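Engineer: To start, I am sharing the structure in question, which I have written as C-alpha cells.
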Amino acid sequence: MKVDVLLGLQWGDEGKGKVVDVLTPKYDVVARFQGGPNAGHTLEFEGQKYVLRSIPSGIFQGNKVNIIGNGVVLDPALFKAEAEALEASGHPLKERLHISKKAHLILPTHRILDAAYEAAKGDAKVGTTGKGIGPTYTDKVSRNGVRVGDILHNFEQKYAAAKARHEQILKSLNYEYDLTELEKAWLEGIEYLKQFHFVDSEHEINNLLKDGKSVLCEGAQGTMLDIDFGSYPFVTSSNTVCAGACTGLGVAPNRIGEVYGIFKAYCTRVGAGPFPSELFDETGDKIGALGHEFGAVTGRKRRCGWIDLVALKYSVMVNGVTKLIMMKSDVLDTFDAIKACVAYKVNGEEIDYFPYDITEGVEPVYAELPGWKTDMTKMQSEDEFPEEFNAYLTFLEEQLGVQIKIVSVGPDRAQTIERYTEE
Ligand code: GDP
Ligand code: IMO
Ligand code: MG
C-alpha cells in the first residue's frame, strides 16, 4: 500500500483539519508528520467546533489509528489540555492515539527561548506562535533534544541537563522570566503522557502498510512556511513539504501515493514576512471579515489577499501535488470580480516563477475574472456550480496543471463537494 499526503500549499490555515476529517473514512490510519502546537486545525460537524493542535484530525471519524510521528514536536502541557478537552467532549483517544518515541519534547524553557529570541530580533521578528517550535527543532538538529522515549529512561537527568543549558542561554540574553507555572503544568503533562502508547512509529506504519492498510499523512503549516522552500527567514522550523512525510514518519519516498495540495480560493498569512498579493484596502478587510480570518491558536488577525498562482505553482512543483483541494470558495460569493496573481514584477521585469527572495520589490500582476455572485454554502454537488465559478476553477487548473478534486463551500464537514472530473 501507499501513503497519501495532505498538505497546505500557502502560508498555513488552508483548512487541512476539515479535509483530513472528511477523508478519514477512506483510510485506516491518520498520521501527523511535522510541526507541533503551532498548528491549529479546525473541524466543524453536528454544530460543534473543535481545534486540534497536536492530535491528528482523524480522531473523530470511526475508530481509526492516529499517529503522532517522529517529525512532530510535542508539548506535554498543551497536549494534556487538548486530550482532556477531547475526552470530556465524548471523544476517547487513549487506545487510538499512538505517539512516536522519537518525537521531540517541547520543554518549558523552549517556549521562553522562543520569546527571548523574538524579543532580541526587534523589528525583524518572525511573529512566531510562541510555542517553542524553533528552539525545539534547533535542539533536535544540534543533538541536544529530549525525546518522548526519554520519558522512560533517565528522564529527570536529561530534563535537568537541557533546562540548565537553556537557562545559561537565557542568562546570556539578560532575559527575565518565571518558569514556575509553566514547569508545573509541563511536569503534570509528562505524567499524563505516560498512559498513552509510545511506539516506534516507523515500524508501526510500515507494518500496517505491509498488511494492506491505508494511511493519510496530515501536514501542518504550509509550503510557504517550509524551512527550506518557504519565505525564509519568515518560516517555521520544519519541512512542511511532502518530503517531510518521509522523514517525519519513516516512510520511503516510493511509498508516497496521492499528494493532496490544499489552498484557499484567496490567500492569507499570519505573522510577519512577505506576502506579494496582500491587500491593504477594504477588499482585504472584506475577505478577512467574511472568512473569519483570525488565528485558530493565537487569535491573531490574518493578513488577507488574492490568490497567488506564482507561489502556488511553486508549491505544486516542490510537493508533486496530484490532486488539488480548494477551500473557502464561499468567502468570495459576493464579489463582483475576483483577481488572481499570475506573475510578479521584479525590478520592472515580469516573471512567472517563484524567485529566491520575495522580501522586497515584488509587485503582483493580476488577471481578473468575473465573480459568481451566488450563495454556494448549501450546494451539494458540482452540478449546481455557477458558470463563473466553473470558469474560475478551469482557470486555476490551467494555471496549475493539476485538477481540483474537492471544493469546500463552508466550515462544516457537510459543506464539501467532490468533483467527478475525468482523470
Ligand atoms: P488548518 O490549519 O489548515 O486546519 O486551517 P484552520 O483551521 O486554521 O483555518 C481554516 C478556517 O476556515 C477554520 O476556521 C475553518 O473552520 C474554516 N473553514 C474551512 N473550510 C471552510 C470553507 O470552505 N468555508 C468557510 N467559510 N470556512 C472554512
Ligand atoms: P496550521 O497548521 C499559519 C507561522 C507563524 C509565524 C511562523 C513561525 O494551523 O496551518 P512558529 O511558531 O512555527 O515558529 O512560527 O509560522 N505559523 C503558522 N501560520 N498556520 C499555522 O499552522 C502556523 N504555524 C506557524 O505565524 O509566522
Ligand atoms: Mg490553522
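The values are calculated or read from the model by the stated rules, or taken from the named source; none is laboratory data. Please read all numbers here as calculations on a predicted model, not as lab measurements. Virtual Cβ from ideal backbone geometry, glycine too; neighbours counted across all protein chains shown.
Engineer: Any residue in the stretch 257-269 that is crowded, with 16+ Cβ neighbours inside 10 Å, within 13 Å of ligand 2 (Cβ to nearest atom) and among the aliphatic types (A, V, I, L, M)?
Structural biologist: The answer is yes, given that some residue of the stretch 257-269 is crowded, with 16+ Cβ neighbours inside 10 Å, within 13 Å of ligand 2 (Cβ to nearest atom) and among the aliphatic types (A, V, I, L, M).
Engineer: With (1) more than 16 Å from ligand 3 (Cβ to nearest atom); (2) among the charged types (D, E, K, R); (3) at pLDDT 95 or above as the list, and LYS2 as the residue in question, which single condition is left unmet?
Structural biologist: (3)
Engineer: Exactly one condition in (1) away from ligand 3 (no atom under 16 Å from the Cβ); (2) assigned to a helix (DSSP H, G or I) is false for VAL331; which is it?
Structural biologist: Just one mismatch for VAL331, condition (1).
Engineer: To continue, here is another question. Quick one: how many residues across the stretch 191-217 are touching a strand residue (DSSP E or B) at 6+ places or on another chain (Cβ under 8 Å) and not charged (D, E, K, R)?
Structural biologist: 13
Engineer: Can you tell me which residue is surrounded by the most Cβ atoms within 10 Å (Cβ to Cβ) among those in the stretch 270-290 that are of a type in the set (Gly, Ala, Ser) and touching a Lys or Arg at 6+ places or on another chain (Cβ under 9 Å)?
Structural biologist: Result: SER277.
Engineer: Among the listed residues ASP21, ASP13, which satisfies the condition of being in contact with a Lys or Arg (Cβ under 7 Å, 6 or more places away or on another chain), more than 11 Å from ligand 3 (Cβ to nearest atom) and within 23 Å of THR298 (Cα to Cα)?
Structural biologist: None of the other options fit; the residue is ASP21.
Engineer: I would also like to ask the following. Show the residue pairs meeting these rules: Cβ distance below 6 Å; 6+ apart or different chains; first residue within the stretch 258-274 and of a type in the set (Phe, Trp, Tyr); second residue within 12 Å of ligand 1 (Cβ to nearest atom).
Structural biologist: Once the first residue is of a type in the set (Phe, Trp, Tyr) and sits in the stretch 258-274, its partners that are within 12 Å of ligand 1 (Cβ to nearest atom) give TYR260/LEU6; TYR260/ILE325; PHE263/LEU9; PHE263/GLN10; PHE263/GLU14; TYR266/ILE287.
Engineer: For the stretch 125-147, give me each residue that is within 19 Å of the chain's Cα centre (by Cα) and either in a loop (DSSP other than H, G, I, E, B) or not assigned by the TED database to the domain that holds ALA164 (or both).
Structural biologist: Answer for the stretch 125-147, where residues must be within 19 Å of the chain's Cα centre (by Cα) and either in a loop (DSSP other than H, G, I, E, B) or not assigned by the TED database to the domain that holds ALA164 (or both): VAL126, GLY127, THR128, THR129, GLY130, LYS131, GLY132.
Engineer: I'd like to verify a number: residues in the stretch 24-57 that are among the β-branched types (Val, Ile, Thr), more than 14 Å from ligand 3 (Cβ to nearest atom) and within 22 Å of THR223 (Cβ to Cβ), how many?
Structural biologist: So the answer is 1.
Engineer: Can I ask one more? Can you pull out the residues in the stretch 266-325 that are assigned to a helix (DSSP H, G or I) and closer than 18 Å to TYR344 by Cα?
Structural biologist: Residues satisfying the conditions are LEU309, VAL310, ALA311, LEU312, LYS313, TYR314, SER315, VAL316, MET317.
Engineer: Any idea how many residues of the stretch 1-51 are of a type in the set (Phe, Trp, Tyr) and either within 9 Å of ligand 1 (Cβ to nearest atom) or more than 27 Å from THR136 (Cβ to Cβ) (or both)?
Structural biologist: 2
Engineer: Pull up the stretch 1-52, narrow it to residues that are in a loop (DSSP other than H, G, I, E, B) and in contact with a Cys (Cβ under 8 Å, 6 or more places away or on another chain), then point me to the one that is farthest from ARG255 (Cα to Cα).
Structural biologist: TRP11
Engineer: Among what's in the stretch 285-295 and is within 15 Å of ligand 2 (Cβ to nearest atom) and either modelled with pLDDT of 95 or more or touching an Asp or Glu at 6+ places or on another chain (Cβ under 7 Å) (or both), pick the residue that is nearest to THR129 (Cα to Cα).
Structural biologist: GLU293
Engineer: Note down all Cβ pairs under 7 Å where the first residue falls in the stretch 148-169 and is part of a helix (DSSP H, G or I), the second is of a type in the set (S, T, N, Q), and they're at least six residues apart or on different chains.
Structural biologist: Taking only residues 6 or more apart or on different chains, the pairs are VAL148/SER100; ALA162/ASN144; LYS163/THR109; ARG165/ASN144; HIS166/THR109; GLU167/THR109.
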